[in-house]
Amino acid sequence: MLKEPSLRQAVTPLISMFLLISLGSLILKLPLTFLLIISAVITGAVAKSNGLSWNDMLEGIGEKVSQAFPAILILLCIGALIASWMLSGTIPMLLYYGIKTINPHYLYVTGFLVTAMFSTLTGTSFGSAGTVGVAVMGVAISQGLSLPIAAGAVISGAIFGDKLSPCSDTTVLASLSTRTKLYEHIQHMVYTTGAATILSLIVYIMAGILLPVSQPLQVTESLLKDLEMLYHFNWLLLLPPVIIVSGAYLKKPTIIVMLISTFAALLIGIIMHDFSIQTASNTFVNGFNLALITPTQQVENLALLKKLFNRGGMMSMMNVILLVFCVFSFAGIYSKAGFLKVLLKTMTQGISSVGVLITTTVIASVLVCCITGSTYVAILMLGELFGPLYAEMNLHSKNLSRTLEDAGTCVVPIIPWSITGSYLSYTVGVPTLEYLPWAVLCYSGMLFAVIFGFTGYAIAKITPEEAAECVSE
């Protein structure tokens, strides 16, 4: 029979996981999936000693995997989308004109702004990083710029839209879980996200001006000639991204819109670049390969173009999905054993000020995201848990919804084993810990949330009567 876990039992699996990942991944260079499975075994042993049965552990894992299933479908669709945009020439065209028009010294700030705009229009950080983000990374590679900085800028831009777009699932989820009106939630986020954005812009502008460009001009010019040889560029190639933006504006289902854009791109590749149906279907599943284009023997920068273009396909997401299953093996057992409830209950005791409450919300969000690998769980669980505490201090619920996004939505890209972190690392081609210092928006938003909490700046209050109604609901 399952007993009430102690705080020591709740903390032991966490310490074990962080030690394993720190020593095993960073020092011994062991696979992250292997370390997460060991963490799940340790968690299972502690849970078993407390009375959790094997069937209950399987049930907990199954619950977590079922929660992640929509995200897994989106990952598969994005893999196919990236490959199809390569086949059609959409991403190569964005790369071509990016190289021609963007000053290398302003690539980082441009990458941030372009990705932020696309993610705000579409509401998806995954799709933004996987499409325009890939093109920005291609420009960075071609111009000899720092890939960790470029990746940090792309990811910060992608998360900007994921927070502020009314089309974003995390934005809607944060408002729902805290019972806050959607546009009140978005407007309130402008304070912390705006401050984080200004800081990001300063960092990327200064990095672009102060750091050198290492790629010789002749290499860039020959790369442009290679792209002109391989593809027939025209405005029809912008149809796939137009479909994505239009679908988001019309609030159509994300997966359906991605599939329509994917099939449109495949059709463009077949019609304009003479690819066969067999090649297009194989690209959809296995990804794009530059060898599919006939005149590659005449290409001067073949190795560089392979690095840029050989990617995508549903199969390319299998490693990310495997990591998801490993994370949820740990998270499912941890949650089912009641460890997470004990941990959060301990954290919420003795909160005496607004600053401490917001700081605790931030820490709890980061911990839940580290434990579960998912921002959805953090937003849903902590929205219910912290809601009464905010009301008791006469704080409007939009303070809570904003903090959940400042921490929960923003931290997952810099957690290597999270769904978002593993996907983004694969997409931009840079390890999470390398781009982490440059993903300024991902950590500065929560820092501003804590600062605002202690200073009282941009903290919305409610009357005691309104607070009493919130507590009783």
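Has the range 259-273 got at least one residue that is at pLDDT 90 or above and in contact with a Cys (Cβ under 8 Å, 6 or more places away or on another chain)? Yes, that holds for at least one residue. When ILE91, ILE37, ILE74 are checked against the criterion of being of a type in the set (Val, Ile, Thr), touching a residue at least 40 places away in the same chain (Cβ under 8 Å) and assigned by TED's automatic domain parsing to the domain that holds LEU23, a single residue qualifies: ILE37. For the residues PHE288, PHE325, the requirement of being within 25 Å of the chain's Cα centre (by Cα) and crowded, with 21+ Cβ neighbours inside 10 Å singles out PHE288. If you filter the range 347-372 down to residues that are among the β-branched types (Val, Ile, Thr) and outside any helix (DSSP H, G or I), you find that the one that is nearest to TRP417 (Cα to Cα) is THR348. Taking the stated definitions as given, is THR115 of a type in the set (Val, Ile, Thr), within 22 Å of GLY208 (Cα to Cα) and modelled with pLDDT under 90? It is false that THR115 is of a type in the set (Val, Ile, Thr), within 22 Å of GLY208 (Cα to Cα) and modelled with pLDDT under 90. Tallying residues that are assigned to a helix (DSSP H, G or I), surrounded by fewer than 16 Cβ atoms within 10 Å (Cβ to Cβ) and out of contact with any Pro (no Cβ under 9 Å at 6 or more places or on another chain) within the range 165-183 yields 1. Note on the range 234-258: residues that are crowded, with 16+ Cβ neighbours inside 10 Å and closer than 16 Å to ALA71 by Cα total 3.
Residues of the range 328-377 that are β-branched (Val, Ile, Thr), within 18 Å of GLY60 (Cβ to Cβ) and under 26 Å from the mean Cα position of the chain (by Cα): ILE333, VAL368, ILE371, THR372, VAL377.
The values are calculated or read from the model by the stated rules, or taken from the named source; none is laboratory data. Keep in mind the model is a prediction, meaning the values are calculated, not measured. Note that each Cβ is placed from the backbone with ideal geometry, even for glycine, and that neighbours are counted across all protein chains shown.
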